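Okay, structure first, notes after.
The values are calculated or read from the model by the stated rules, or taken from the named source; none is laboratory data. This structure is a prediction, so every number in the text was calculated from the model and none was measured. Counting neighbours? That spans all protein chains shown, and the Cβs are built from the backbone with ideal geometry, glycine included.
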Amino acid sequence: MSNHTTGPHMIGRRLIDLVPHIVLIVGVLIFAFPIYVTLIGSTWDAATIGRGGLPMTPGGEAWNNYSQVWSESHGERASYTPVRIMMMNSVIMALSIAVGKIAISILSAYAVAFFRFPLRMVFFWMIFITLMLPVEVRIIPTYKVVADLGMIDTYAGLSIPLIASATATLLFRQFFLTIPDELVEAAKIDGAGPVRFFFDILLPLSKTNIAALFVILFIYGWNQYLWPLLVTNSADMETIVIGITKMIGTGEAANDWNLIMATTVLAMLPPVAVVIFMQRWFIKGLVDSEK
Amino acid sequence: MQRRVIFDNKLLPYLLLAPQVAVTLVFFIWPAAQAIWQSVHIQDAFGLRSEFVWFENFTAIFTDPNYVGTLRTTAIFSVSVTVLSLTVALLLASLADSKIKGAPVYKTLLIWPYALAPAVAAVLWMFIFNPEIGSLGRLLNGWGYPWDYRLNGDQALTMVILAASWKQVSYNFIFFLAGLQAIPRSVLEAASIDGAGPVRRFWSITFPLLSPTTFFLLVVDMVYAFCETFGTIHALTQGGPGKATETLIFRVYQDGVVNNDLGASSAQSVLLMVILIVLTTIQFRFVERKVHYS
């Protein structure tokens, strides 16, 4: 072996071993580069970016840019909704959607899995069908329903029409079917009724599933685009993802690009943090709910 | 499937189902029924009277040359996004799955784009490829290549395809990793002992065993390209220049919300519904096979 370590053969082997690393590093860079540019952009002034001369190293305007978008309602060239307000709207929308979907899905999965009653399968299929009807294919009529209910420009209008969830219901049902009959029987012998069983036994057992679902549903809610675009008109109800594209308008060089980039960084922060810090749950939630 | 041990209660199950069923009926079933009803009616200019017109709205959109163009754009867009994001994800996943040093770090650095909204991904690409402020956009023009996706339709389509695929790679990557981990090491080791190199092992063992995952992702990516990329297109090109990046979903929005043409918009919604029902049915029929496989 030792006479090979310095030979040309071994050097060739080492180079071949490097190829996967090179490909993966190129992949990582392709995904990181746009973020890096945006981060850098958020630390310079509008004029520097507008001239097209954005350097590849951080500038000194970070504090000014971030504090300005956070609380002010206008930059040098246009007026916006402050990020503080848009961020709060996005948080409320994402939390309502995630919590709402989990709450109504775990209840309906409980009904379908633990009870036998007339029309059980009709309800099950009705929930299942929602999978095939994303908001994109029923834009106008859904908008009309929400308008008739007076829910335009409200948090209820932003979240309630999106909280029906076939995937979450199927996931909980799947999990409930694996709970041993002995456990249910023991609970019944101890005198626990269905409500008690749900809160004292089923809910604690579902903790991991709830956490996993919460992570992906929060991201789903945060990233909504078409729906908030339709049901919000007032600037006070704008979500941050919509806010960015409103700030860009037609994409002219004369935009406050520094502020747009700072807003973009702030818009990415919560969902990216959730994915990185809750990675294990995130992957479980994603892979399990698609089974 | 049904549990053996259950609770007896006449009223409770209906109460438990009530919130989900109410939301489903009010915001899903009823609007979908409305869309179907509107797709076979034409409203007068004041929205006061509607006339039943059979399939006139459908024949109108199919004989509209613009609509045929939209179908063509949608086909190019969805196929490109699906193929591109699947290929890149499979390449990265099979490398990150092998016994490579630092695999967990690579994984973390490759999955986070899942967190980005399609519209935000589009904005990031705009910062780089904008011909006036984007570093790469300016570089291309500096090299004498006339780059402006705001004027050139083909460049605009390329931009939205790249931005939409870029965002979807991480999703596919996560599922390919899960699929790769389910492949028994012993089979690969046996092939290795028999003298099969890494490329040969990939094509004759890994790739065929991954086919359920690939097929599942194929459907998911098609649905993504049809629906969720609305944000990408709206943020980046607004369907333009001209109609160069107008996909089906963007056209539904354009006709219904911007131009207020209910009949045409509903007919297109119904077409999209049919496409999605077909895709979802395929996906679920196949899920049974996937469960069997694992």
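Things to note:
- Helices (runs of 4 or more DSSP H) completely within the range B:44-115 that count 1 or more residues being within 22 Å of B:Phe226 (Cβ to Cβ) and within 14 Å of chain A (Cβ to nearest Cβ): B:56-63, B:65-97
- Count of the range B:6-38 residues which are surrounded by 19 or more Cβ atoms within 10 Å (Cβ to Cβ) and either more than 7 Å from chain A (Cβ to nearest Cβ) or over 19 Å from A:Leu107 (Cβ atoms) (or both): 5
- A:Thr245 vs. criteria among the polar types (S, T, N, Q), part of a helix (DSSP H, G or I), free of Cβ contacts under 8 Å to residues at least 40 places away in the same chain and within 9 Å of chain B (Cβ to nearest Cβ): yes
- Highlighted here are the helices (runs of 4 or more DSSP H) found entirely within the range B:185-294 that include at least 3 residues which are closer than 22 Å to B:Val169 by Cβ and within 22 Å of the chain's Cα centre (by Cα): B:207-223, B:230-236, B:262-293.
- Of all residues in the range B:73-93, none satisfies being in contact (Cβ under 8 Å) with a residue 12 or more places away in the chain and over 26 Å from the mean Cα position of the chain (by Cα).
- Residues satisfying the stated conditions in the range A:71-127, i.e. among the charged types (D, E, K, R) and part of a helix (DSSP H, G or I): A:Arg84, A:Lys101, A:Arg120
- Looking only at residues of the range A:218-242 that are among the hydroxyl-bearing types (Ser, Thr, Tyr) and either at the interface with chain B (Cβ under 9 Å from one of its Cβ atoms) or out of contact with any helix residue (DSSP H, G or I) (no Cβ under 9 Å at 6 or more places or on another chain) (or both), we find that the one that is farthest from B:Ala235 (Cα to Cα) is A:Ser234.
- Residue ID - farthest from the chain's Cα centre (by Cα), chosen from residues in the range A:21-67 that are β-branched (Val, Ile, Thr) and not in a helix (DSSP H, G or I): A:Thr57
- Scope the range A:193-217; condition facing another protein chain (nearest Cβ under 10 Å), buried (at least 19 other Cβ atoms within 10 Å of the Cβ) and not β-branched (Val, Ile, Thr); matching residues: A:Pro194, A:Phe197, A:Phe198
- Any hit, the range B:169-182, residues being part of a helix (DSSP H, G or I), within 11 Å of another protein chain (Cβ to nearest Cβ), modelled with pLDDT of 85 or more and in contact with a Phe, Trp or Tyr (Cβ under 6 Å, 6 or more places away or on another chain): yes
- Any hit, the range A:229-239, residues being part of a helix (DSSP H, G or I), more than 23 Å from the chain's Cα centre (by Cα) and farther than 28 Å from A:Ile283 by Cβ: no
- Condition met for B:Pro31 (closer than 30 Å to A:Phe117 by Cα, in a helix (DSSP H, G or I) and under 26 Å from the mean Cα position of the chain (by Cα)): yes
- One residue stands out in the range A:103-152 among those that are within 7 Å of chain B (Cβ to nearest Cβ) and among the basic types (Lys, Arg): the one that is farthest from B:Ile277 (Cα to Cα), namely A:Arg116.
Table: residues versus (1) buried (at least 21 other Cβ atoms within 10 Å of the Cβ); (2) under 19 Å from A:Tyr220 (Cα atoms); (3) at pLDDT below 90.
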| site | (1), (2), (3) |
| --- | --- |
| A:Leu107 | no, no, no |
| A:Trp125 | no, no, yes |
| A:Leu133 | yes, yes, yes |
| A:Ala156 | no, yes, no |
| A:Ala164 | yes, yes, yes |
| A:Phe175 | no, no, yes |
| A:Thr178 | no, no, yes |
| A:Lys188 | no, no, yes |
| A:Gly191 | no, no, yes |
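- Scanning the range B:121-148 for residues that are assigned to a helix (DSSP H, G or I) and free of Cβ contacts under 8 Å to residues at least 40 places away in the same chain returns B:Leu124, B:Phe127, B:Ile128, B:Phe129, B:Ser135, B:Leu136, B:Gly137, B:Arg138, B:Leu139, B:Leu140, B:Asn141, B:Gly142.
- Among the criteria (1) within 20 Å of B:Leu279 (Cβ to Cβ); (2) out of contact with any Asp or Glu (no Cβ under 6 Å at 6 or more places or on another chain), the one B:Trp166 does not fulfil is (1).
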